[in-house]
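The values are calculated or read from the model by the stated rules, or taken from the named source; none is laboratory data. Worth saying up front: this structure is predicted, and the values here are computed from it rather than measured. Cβ placement follows ideal geometry from the backbone for every residue including glycine, while neighbour counts extend to all protein chains displayed.
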Amino acid sequence: MIRLEKLILENVGKKIKNAYLVRNINLRVEEGEIKIILGASGSGKTTILNIISGIIRPDDGRVIIDGEDITDKKIEERNIGFVFQDLGLFYSMNVAENLAYGLRIRKMDISEINVRVRDIAKRLSIEEHLLKFPSQLSGGERQLVALGRTLITEPKVILMDEPLSSLDTFLRNSMRWYIKDLRKNFDITIIYVTHDLEDAEILGDSVAVLEAGNIIQDGRKNDVISFPKCRKVAEILGYNIFEKEGKKMAIHPSAIKTGGDVDFEIIYEEKGIGYNYLLSTRYGQIYVKSAERIMERDKLSFNNAVSLGKCE
């Protein structure tokens with residue numbers, strides 16, 4: 001199926017004085033796609049979202065949505081939704097008023113607002129909370145209100161700035177699947193920034209890895225996660241880095257198996273859901289995750305390692 005490009009960032013850059021926050025950002029997001037921008041704190045993820053939304057204007061490049069150059073358009077003219085890290089709910093307003101806020105500032109008729117509020121609350125299963133205030137809701141329920149307030153305006157694209165970072169593990173897991181279903185239930189395109197690899201693994205169709213304001217790898221999720229192209233990407237993804245026959249190699253801790261030819265000594269062993277090891281090998285110290293316990297008489301296979309090139 002041919003999918004149209006919903007959003008294009010073309011050679012986008014933003015600097016403060018003479019220092020670039022992001023530089024030469026080229027990004028393409030297909031219609032209906034969930035695009036993950038993965039990177040550490042300070043790598044420039046939020047700056048990219050702010051440029052797309054119109055909060056800040058880029059010094060270089062263009063922002064294009066549905067084939068239209070919107071680089072110079074005001075925030076209110078872009079019809080882009082934004083779910084912030086702190087959610088940005090109004091705690092002096094009840095849920096219904098929070099949901100209605102974006103429609104009210106657009107001066108929509110009150111009867112139409114009421115219809116839309118009831119509809120979005122039903123679709124997100126938060127009807128029973130319409131008269132409650134955010135302080136009376138659980139973390140997951142507040143997430144749904146924030147999503148509903150964004151979706152109710154029928155945006156062309158939704159931007160999400162690490163919206164699950166404040167939730168506990170159980171809620172994070174359940175909300176990931178809820179966000180993934182938004183594409184199917186609302187036919188929406190999502191750009192989601194995070195430092196959490198699990199967000200990328202579960203949510204993403206494609207992943208762009210950002211480091212120091214530059215995209216160093218971009219592609220389909222499985223291609224990026226399974227085949228990091230350079231050391232920086234491998235490090236961000238949690239791979240072991242080692243040298244073999246003069247070549248830089250990387251292997252994920254869960255991809256190291258027994259049945260090979262590499263001897264090792266156990267430095268540390270910790271039992272959690274599985275087994276976690278820090279091992280000494282001829283390739284240096286290696287971190288291993290295993291579903292089963294391994295013994296020093298076992299030998300390890302590094303056959304799943306990938307060769308690393310240079311970052312862009």
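The figures follow:
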item	result
Residue under evaluation S125, criteria (1) under 28 Å from E68 (Cα atoms); (2) free of Cβ contacts under 8 Å to residues at least 60 places away in the same chain; (3) among the hydroxyl-bearing types (S, T, Y); (4) out of contact with any Phe, Trp or Tyr (no Cβ under 9 Å at 6 or more places or on another chain), criterion not met	(1)
Region 158-169 residues that are without any contact (Cβ under 8 Å) to a residue 60 or more places away in the chain, paired with ones that are among the basic types (K, R) and surrounded by fewer than 22 Cβ atoms within 10 Å (Cβ to Cβ) (beta carbon under 8 Å, 6 or more apart)	L164/R172; L164/R176
Condition broken by S254, with the remaining ones in (1) surrounded by 19 or more Cβ atoms within 10 Å (Cβ to Cβ); (2) not in a strand (DSSP E or B) satisfied	(1)
Boolean, A250 is of a type in the set (G, A, S), over 17 Å from the mean Cα position of the chain (by Cα) and either in the same structural domain as Q85 (by TED's automatic domain parsing) or modelled with pLDDT of 95 or more (or both)	yes
Lone unmet requirement of (1) buried (at least 19 other Cβ atoms within 10 Å of the Cβ); (2) hydroxyl-bearing (S, T, Y); (3) farther than 21 Å from I34 by Cβ for T189	(3)
Residue count for region 73-90, restricted to those that are surrounded by 11 or more Cβ atoms within 10 Å (Cβ to Cβ) and either on the phi < 0 side of the Ramachandran plot or of a type in the set (S, T, Y) (or both)	12
Odd one out for E97 among (1) among the charged types (D, E, K, R); (2) on the phi > 0 side of the Ramachandran plot; (3) without any contact (Cβ under 8 Å) to a residue 40 or more places away in the chain	(2)
Some residue of region 274-284 being basic (K, R) and not in a strand (DSSP E or B)	yes
Odd one out for A212, checked against (1) in contact (Cβ under 8 Å) with a residue 60 or more places away in the chain; (2) surrounded by fewer than 17 Cβ atoms within 10 Å (Cβ to Cβ); (3) over 28 Å from S166 (Cβ atoms)	(3)
